Each structure stands twice: as C-alpha cells, then as structure tokens.
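Report on the following structure.
The values are calculated or read from the model by the stated rules, or taken from the named source; none is laboratory data. Please read all numbers here as calculations on a predicted model, not as lab measurements. Methodologically, a virtual Cβ is constructed for each residue, glycine included, from the backbone with ideal geometry; neighbour enumeration extends over all protein chains shown. These accessible areas exclude ligands, DNA and RNA; they are computed on the full protein's heavy atoms, side chains included. Shrake-Rupley method; radii C 1.70, N 1.55, O 1.52, S 1.80 Å.
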Amino acid sequence: MIDADTKGPKPGTKVIRVGNDGDAWIEGYRCAACGAVMPVATMACRACASRVPPEPYRSAETGTLYTWSVVHRSYPGVEVPFVSAIVDLDGGLSFKGTLKGVEPNRLKSGMPVRLVFDDAGGAVDADGNPYVGFHFVAGDAA
Ligand SMILES: [Zn+2]
C-alpha cells in the first residue's frame, strides 16, 4: 500500500487506499463480534463496544442512492449544478460524494449507483504526485 513517503498516487481521503499497482479501494472496518461496519479504524466497536478492534476489509463499490441535493452555488471554478449524494454502499458503509451523469429529475432514492475512482479534480501534492478521489455514477452506467 502506498504511504505518505511513497511516490505515486495518494489517497485523497482517509477511507481510500491505493495499492502499489495504482489500484484503489475503500477500506472499511468490520466488528468480528457483531458485524457492524465503520469507515475508520477504532479501538473498540461503536455498535457493541467489543474491545476487539474492528478488522479492515475492502468495501463493495456498488450501492444505492440514499438522498441527494442539487448544488447550484459553489466555489469559483466548481462547475454547477452538480448532485451531492449520500450513498449506502453494499456491505454497510455510507458516503457523501458527487453523483455524475444523471439528470436531477431522474434521481430516485434507492436507485443503484456505483463508486468510480478519479483524479480528485487534478489535485497533486508538493512533489507532483496525483491524488485519488471518488465520485458516483448510476449503477447501470458503463
Ligand atoms: Zn460490534
């Protein structure tokens, strides 16, 4: 896995992991005692208080749209309107991100969506290494 001192693509958020081959994934943590999932490492389960630290797992990249907001005003340079969505990934994690490629009037709660890793808007670190971000698209999109 790529860490902060390694050359190459860097995770754009704490939940993204990037392999040495550039492959990216979302890492969640699952409690062995009760099965609850968390987006970050914890010392104990947030659901059942088990003192056994939840184990990391690779999250599914498919899920369903929970809710959304169409954003019409944003920072300079950010193209609007865009859809800010909350997605429930299969397996239990939920994330907020931009949902691309779907007209707002076609959005439906529960519609299938999937995660797509991207270049985080072209962001790079001080050494020119790119960041990896993500957005969502309709689940049936290629
Ligand atoms: Zn638990």
Suppose the filter is in contact with a Leu (Cβ under 8 Å, 6 or more places away or on another chain), in contact (Cβ under 8 Å) with a residue 24 or more places away in the chain and not small (Gly, Ala, Ser); does residue 54 pass it? no
Residue list for segment 67-103, restricted to those being within 16 Å of the ligand (Cβ to nearest atom) and small (Gly, Ala, Ser): 91, 92
From the residues in segment 16-31 that are in contact with a strand residue (DSSP E or B) (Cβ under 6 Å, 6 or more places away or on another chain) and over 12 Å from residue 133 (Cα atoms), which one is most open to solvent (accessible area, probe 1.4 Å)? 30
Filter segment 53-66 down to residues that are open to solvent by 60 Å² or more (accessible area, probe 1.4 Å) and within 16 Å of the ligand (Cβ to nearest atom) and give me whichever is farthest from the chain's Cα centre (by Cα). 53
If you go through segment 107-142, how many residues are modelled with pLDDT under 95 and farther than 25 Å from residue 11 by Cβ? 2
Residue 50 meets each of (1) over 23 Å from residue 115 (Cα atoms); (2) open to solvent by 70 Å² or more (accessible area, probe 1.4 Å); (3) of a type in the set (Ser, Thr, Tyr) with one exception, condition (2)
Residue that is within 17 Å of residue 14 (Cβ to Cβ) and surrounded by 15 or more Cβ atoms within 10 Å (Cβ to Cβ), where the choices are 38, 43: 38
Looking at residue 69, is it open to solvent by less than 70 Å² (accessible area, probe 1.4 Å), more than 23 Å from residue 14 (Cα to Cα), in contact with a strand residue (DSSP E or B) (Cβ under 8 Å, 6 or more places away or on another chain) and free of Cβ contacts under 8 Å to residues at least 12 places away in the same chain? no
